[in-house]
Amino acid sequence: MRNRARIAPLAGLSLIGVLLSGASVGAAGKPAPPITGGAATKTAPPPTGGTFPPLTNCPIFPATNVWNRRVDSLPVAVNSSTMIAAMGSAIALHPDFSAAHRYGIPYNVVGPSTPRSAVTFLYDDESDHVGYPVPPAPIQERGSDHHILMVDTTACRLYELFDAAKNGSWTAGSGATWDLTSNALRPDTWTSADAAGLPIFPGLVRFEEIRAGQILHALRFTAPTTCNGYIYPARHEAGSTSCSSYPPMGLRVRMKASVNITGFAPDVRVLLQAMKTYGMLLADNGSAWYVSGAPDRRWNDDVLHTLNQVHGSDFEVVDTTGFVNG
C-alpha cells in the first residue's frame, strides 16, 4: 500500500463502452486435477481465538452491495482498452494466495470473548477508533502490508488493520471496521486497511467457496500504477498519475464472455466464472493482475497456477456509472 494523500473523487468519470478485441484462452492439454490437495492436506484450518459461529452465520454485506452484484450485463467502458493496457494486457493473471501461509491474506474468526485492544494509528484521522478484537496470537499477512483481518461472526462485524505490529501495545498504519449487515461506505476521502478505502475480506477467494462450487462476489486485485482519483465504491486514491492514462481505485473489470474456460480444472472454472459474472475491483497498488485470496493448506498450488494462462487482454473494464449499493 502506498501514498495515502487525499484527493476528491473523480467527478463524473464516465465509463461507457466499447468492446476490446482479444482471443479466447483455455488450458492446454488434459484438464488439470482439482484445486484441492491430497489426503494429507484436507484438514481445515483451526478456528482462531476460541470457538465461534461459522462465517455462514453472517452475510458478507447485503445482496444489494456492489461487491455482491453481477456485472456481466453492464456495458464496457469507453476507455477500457487504455486501462487494460496500462495494467498490462500481456501480463498473466496470478493467484496471490496458496497452500503456504506466506502467500495470501488470512483472516481470524473472533467473537465476544476475544480481548479488545486499543490501536495507535499512523493515519489517525482516517482510522476507526474502536477496540479491535485481535486474538492473542493472530494470523497475520506476511510481506510488506502486515494486514490483520478479524471477522466477528457473533456481532457480524469486520475489523481490518494495515501494517499492524505489537511492541507492548498495538500500532497500525490504519484501521477500519464495517457492519456486515449494512451497505454503508467509509467517509469520502478516507482510507481503510486498503489503499482504496474498501474492505479487503469481501474480495478474497476462500477455499470454502471453491468447495461449494460458486463464488458470488467480486474479487480484489492490484495494479502497479493507479491514478490520482477513485470511483465508487472506493473512497480514497493512492496514485499520482493522470486518470486519462491510468486506472482509478474502485475500477471494476470482468473477464470477457468470449474467453473459453472449459479446458480448466473444475475448481479453477469456479474462480474464472466469478471473474466473468462478478468481476474484480481494483483495491490497491501492487503487482499486475494479482488476485487476492486467503491462504489455506488445502489449496493445490500447481492447479492454482494454471490461472497464468489467462492474461490482461482477456479482461475488459466495466462501465459502473450509476452502479451503487442498494
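Some points to look at:
- Label-point gap, in nm, between ALA165 and ASP302 - each point 7 angstrom along Cα→Cβ: 4.0 nm
- Model label zone, GLN214; criterion: amide N under 16 Å from point 7 Å along Cα-to-beta-carbon; scope region 277-319: 277-279
- Each residue of region 132-146 is assigned a 3J(HN,Hα), and the resulting list reads 8, x, 7, x, x, 10, x, 7, 10, 5, 8, x, 7, 8, 6 Hz, derived from the Karplus form 6.51 cos²θ - 1.76 cosθ + 1.60 (θ = phi - 60°), x at Gly and Pro.
- Projecting the Cα atoms of ASN260, THR114, ILE148 onto the charge dipole of region 45-317 (Cβ charges, centred on the Cα centre) puts ASN260 farthest toward the positive pole.
- At R0 = 30 Å, FRET efficiency that the Cβ-Cβ distance of SER242 and ARG142 yields, to 0.05: 0.35
- When you restrict to C-alpha pairs under 8 Å that are six or more residues apart and normalise by the size of region 136-212, the relative contact order lands at 20 percent.
- Here ASP72 and ARG116 are evaluated by their C-beta separation; at R0 = 51 Å the FRET efficiency comes out at 0.80.
- Modelled this way, with points 7 Å down the Cα-to-C-beta line, the labels at THR82 and SER287 are 2.9 nm from one another.
- Cβ-based exposure ranking for ASP194, ASP124, in which fewest neighbours within 10 Å come first: ASP124, ASP194
- Table column - 3J(HN,Hα) (Hz), region 303-309, Karplus curve with 6.51, -1.76, 1.60, x for Gly and Pro: 6, 3, 7, 5, 4, 6, 7
- Based on Cα contacts under 8 Å between residues 6+ apart, region 45-317 shows a relative contact order of 28 percent.
- Residues of region 250-284 with amide N under 14 Å of a point placed 7 Å along Cα→Cβ from VAL130: none
- Simple label model, 7 Å out from Cα along Cβ direction - ALA92 to ASN260, nm: 2.0 nm
Values quoted throughout were computed directly from the atomic coordinates according to the rules given, and no laboratory measurement underlies them. These numbers were taken from a predicted model, which means no experiment stands behind them. Note that we place each Cβ from the backbone using ideal geometry, even for glycine, and neighbour counts take in every protein chain shown.
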